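All remarks here apply to the structure that follows.
Only the coordinates and a few stated rules stand behind these numbers; no lab work does. A quick note: this is a predicted structure, and the numbers were derived from the prediction, not measured. Methodologically, a virtual Cβ is constructed for each residue, glycine included, from the backbone with ideal geometry; neighbour enumeration extends over all protein chains shown.
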Amino acid sequence: MKQVAVAELMRWYLDAGVDETIADIAVDRFAEIPAKPRAENSQPDPAPAPAPVSGSDAVQSPASSPLPVSVGAEEAMHDAVHLAASAKTLEQLCKSLDEFEGCPLKKTATNLVFLDGNPQARILLIGSPPGADEDLAGIPFAGKQGDLFDRMLGSIGLDRTKVLMSGVVFWRPPGNRSPTPTEISVCMPFVERLIEIIDPHVLVAVGESSARLLLARKQAIGRMRGRWHTYSLPGLPRPVDLLAMNGPRVLMNSPVQKREAWQDLLMLREKIKDIPPD
């Protein structure tokens, strides 16, 4: 068998997207979570009731249809809900995230990626899980993708002083893998509390993962973009207009979709004309 040089092997790993070494031996996280004992002759858990169907664009809080979490994550979910609900300001919410130890991603990430922009802004952008650039910078929409997104906002007269940016997950998944349902679920109480504290006039879901979570749908982004949705939470004084659009990561890999992104930006530009002055 032909020997493969170490440099060639490392290059192959990088091309495949492996850019971090977490441990020498793979860890089976599922084996760490003990199975919940079931009494003999007990009945199986009833299937969850289907979510009620309302208007085509009416969206209730995703908390009403949470993602499944493992038994070992129930305590973390409880802590997340409690910490998020107790925060009354952005500073308190950020402090709660610093203290929260229930998301496994925190142990491998370099930085917390929570907010950037103007805390007083009435336009809130919620993006996808952070990548390597965001992890190093500690802010959402960083690096080349952030530069592209800044230009996109600039094309309609916006910049980071006029919007507030966050994400659906606050720590980078190793190797940019997709976050697990548990990792997403323990972050969502903080996302929802952020929306309640900001009480935005306009909410923008940037990227497919963000749109799916905020709209509680499994559709592709192409089925959700191009129109306004109505988003509501119990802590909001009124429903919020939500727009879903492709994020800069997709646009860099598929420039043909920039035309649709421009159409969405034009919709956003028209909508923000209705924002009342402070």
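Taking amide hydrogens as placed 1.01 Å from N in the peptide plane, the amide H of Asp116 sits under 5 Å from those of Met165, each at least 5 positions away in sequence or on another chain. Distant-in-sequence amide contacts of Gly127, defined by a placed amide H-H separation under 5 Å and a gap of 5 or more residues or a different chain, comprise Ser166, Gly167, Val168, Val206. Fewest-first ordering of Asp199, Asp135 by other beta carbons within 10 Å of each residue's beta carbon gives Asp199, Asp135.
Summarising the amide proton neighbourhood of Gly226: residues at separation of 5 or more, or on other chains, whose placed amide H is nearer than 5 Å comprise Ala244. For region 87-148, the list of trypsin sites (Lys or Arg not before Pro) that fall in a loop by DSSP and count at most 10 other C-beta atoms within 10 angstrom reads Lys88.
Pairs exceeding 24 Å between alpha-carbon atoms, taken from Lys162/Lys271; Lys218/Lys271; Lys95/Lys273: Lys218/Lys271; Lys95/Lys273. A simple rule links phi to the HN-Hα coupling: the Karplus curve 6.51 cos²θ - 1.76 cosθ + 1.60 with θ = phi - 60°, which for region 100-105 gives 6, 10, x, 9, x, 5 Hz, with x for Gly and Pro. Averaging 1/r across all pairs of distinct Cα atoms in region 77-201 and inverting the result yields a Kirkwood radius of 14.7 Å.
Using C-alpha pairs under 8 Å with a sequence gap of at least 6, the mean separation divided by the residue count of region 100-172 gives a relative contact order of 50 percent. Placing +1 on the Cβ of every Lys and Arg and -1 on the Cβ of every Asp and Glu, with no other charges, gives region 63-272 a dipole of roughly 800 debye about its Cα centre. Projecting the Cα atoms of Ser232, Ser209, Leu242 onto the charge dipole of region 208-269, computed from C-beta unit charges around the Cα centre, puts Ser209 farthest toward the positive end.
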